[in-house]
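The values are calculated or read from the model by the stated rules, or taken from the named source; none is laboratory data. Not measured: the values here are computed from a predicted model. Note that we place each Cβ from the backbone using ideal geometry, even for glycine, and neighbour counts take in every protein chain shown. Accessible surface areas use protein heavy atoms only, side chains included; no ligands, DNA or RNA. Shrake-Rupley method; radii C 1.70, N 1.55, O 1.52, S 1.80 Å.
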Amino acid sequence: MKLFAAGLWLSLIFTTPAQAAIVLFTVNLSGAQEVSPVIGDPDGTGVALLTFDSVLNTVEWLITTNNIDLPLTAAHIHNAVAGLNGPVKINFSAQLSSGGFPLFDTDVAAILANPSAYYVNLHNANFPAGAIRGQLVPEPGTLALLGLGLAGLGLSRRRKA
């Protein structure tokens, strides 16, 4: 029993916690990116700053808008490539900010696996189908870190084999 307790204690000491992989996106939003038959706000623009945690499956957001009427009636991340409309995957509950409270969503992993297949869309009373929209495009630094992380995983698996 003492040997088991000692082994358990040592495993707790030498166990490293999973490190969060934080992935950032700066999404440029505009009415021109809305897809027909939807006509977005022609002079509406904005920026969505998204912070994903791939370990906790959470997202935080801060969105600024210009030349669109507020309040929002909806704000989402949808699943579709540029030029197509798609279903809602993450609902921001018409809020411009997460307010420092990360939102858990199981769709985070799918978004991070193929970010360009997703877009942010803001809706208001004048443009109920979408006022401004923008595709997710990873930051260059994020792509480099993701590549290094994947390379490291590959090397560690290769060494184990």
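Using a 1.4 Å probe on the protein heavy atoms only, what accessible surface does residue 116 show? Give it in Å² to the nearest 10.
70
All other residues with a Cβ under 15 Å from the Cβ of residue 28 taken together, and with Lys, Arg as +1 and Asp, Glu as -1, what is their net charge?
Charge balance near residue 28 sits at -3.
Ordered by residue, what ³J(HN,Hα) values in Hz, to whole numbers, does the stretch 93-105 give under the Karplus form 6.51 cos²θ - 1.76 cosθ + 1.60, where θ = phi - 60° and Gly and Pro are x?
6, 6, 9, 7, 8, 7, x, x, 10, x, 9, 7, 7
Report the calculated FRET efficiency for residue 126 and residue 32 (r = Cβ-Cβ distance, R0 = 25 Å), to the nearest 0.05.
The computed FRET efficiency comes out at 0.95.
On full extension of the chain, what length is gained from residue 139 through residue 47, given 0.36 nm per residue of separation minus the C-alpha to C-alpha distance?
My answer for the length gained is 31.7 nm.
Starting from the Cα of residue 82, step 7 Å along the direction of its Cβ; do the same at residue 21; then give the gap between the two resulting points in nm.
Label at residue 82, label at residue 21, 2.4 nm between them.
With a 1.4 Å probe and all protein chains in place, put 69, 105 in order of accessible area, largest first.
69, 105
If you take every residue apart from residue 90 with its C-beta less than 9 Å away from the C-beta of residue 90, what net charge results, scoring Lys and Arg +1 and Asp and Glu -1?
-1
Given points 7 Å out from each Cα along the Cα-Cβ axis, report the residue 95 to residue 62 separation in nanometres with one decimal.
Computed distance between label sites residue 95 and residue 62 equals 1.5 nm.
Counting Lys +1, Arg +1, Asp -1, Glu -1, what net charge surrounds residue 47 among other residues with beta carbon under 14 Å of its beta carbon?
Residues close to residue 47 contribute a combined charge of 0.
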